[in-house]
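Here the structure is laid out as structure tokens; the discussion comes afterwards.
The values are calculated or read from the model by the stated rules, or taken from the named source; none is laboratory data. Just so we're clear, the structure is a prediction, and the values are computed from it rather than from any experiment. With ideal geometry, Cβ positions are generated from the backbone for all residues, glycine too; neighbour counts draw on all protein chains shown.
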Amino acid sequence: MEIAANEIVFHNYALSPFSEKIRKVFALKNISYRSVDQPMWLPRPELTPLTASFRRIPVMQIGADIYCDTSLIARKLDRLHPDPPPYPGSTAGVADLSGAWADKQLIFPVCAPLVFGALAGALPGELIDDRKKMMPGLDVDTLRAAAPGLGAMLAAYLDWIDAALDGKSHLLGEHFTIADAAVFHALWFVHNDPTSAEKIRARPHL
């Protein structure tokens, strides 16, 4: 595969929620990039030589430079293509804070366990085994038992997000920010759980 010196190469897979977050930034800024589909679980023989022990997706590559964190990727894209900004003006700090909340408190503790618990019977065994290496102690029965409590947490968070969007086209006003991308990718992912999808559809502004 021949790659131009400044070409953006985006290593991802279709169902990766964090990849979807960055895909929204690409769309916002109308950035052209080369998408390289990677396996959902290790091994990733074409990617691992570039990232060493880093095992998460997505990864962005520009020439010899490798970017492995979605916050870093979003900031780099904003420097390369400033308009329109996902961190606009006085809302930059709140956008960052809201995005960090979605990444750390919404997707991992709530959305991911709900999806894995709901779909575990249909997921490839290789995927489950791979995620157990990332999350020691991962147990499908435990996730399923936790679903009612996690569902209640999700419902409360959805109420917050729904209220924040009341009367606005985006979370922080009229313009798309990194907060919208981060919250969207969490809800996009948890929509794979039918029970959670019903909760989302019940909120008029989501």
Checklist outcome for this item: In the set LEU150, LEU138, LEU158, LEU143, the lone residue that is farther than 20 Å from GLY121 by Cβ and not assigned by TED's automatic domain parsing to the domain that holds ASN30 is LEU158
Item to check | Residues being over 14 Å from the mean Cα position of the chain (by Cα), surrounded by fewer than 19 Cβ atoms within 10 Å (Cβ to Cβ), of a type outside the set (A, V, I, L, M) and assigned to a helix (DSSP H, G or I) - total across the range 162-206 | outcome: 5
Checklist entry - Taking into account only those residues within the range 9-49 that are of a type in the set (S, T, N, Q) and outside any loop (DSSP other than H, G, I, E, B), which is surrounded by the fewest Cβ atoms within 10 Å (Cβ to Cβ)? => result THR48
Checklist entry - Is it the case that some residue within the range 104-118 is assigned by TED's automatic domain parsing to the domain that holds VAL190, over 22 Å from LEU171 (Cβ atoms), outside any helix (DSSP H, G or I) and free of Cβ contacts under 8 Å to residues at least 40 places away in the same chain? => result no
Checklist entry - Is it the case that the range 2-20 has a residue that's farther than 19 Å from VAL190 by Cα and small (Gly, Ala, Ser)? => result yes
Checklist entry - Among (1) of a type in the set (Gly, Ala, Ser); (2) surrounded by 13 or more Cβ atoms within 10 Å (Cβ to Cβ); (3) at pLDDT 95 or above, which single condition is ALA145 missing? => result (2)
Checklist entry - Among the candidates GLY151, GLY99, GLY137, which residue alone is exposed (fewer than 13 other Cβ atoms within 10 Å of the Cβ) and either among the small types (Gly, Ala, Ser) or more than 28 Å from THR177 (Cβ to Cβ) (or both)? => result GLY137
Checklist entry - Quick one: is ASP159 under 30 Å from ASP78 (Cβ atoms), at pLDDT 95 or above and surrounded by fewer than 17 Cβ atoms within 10 Å (Cβ to Cβ)? => result no
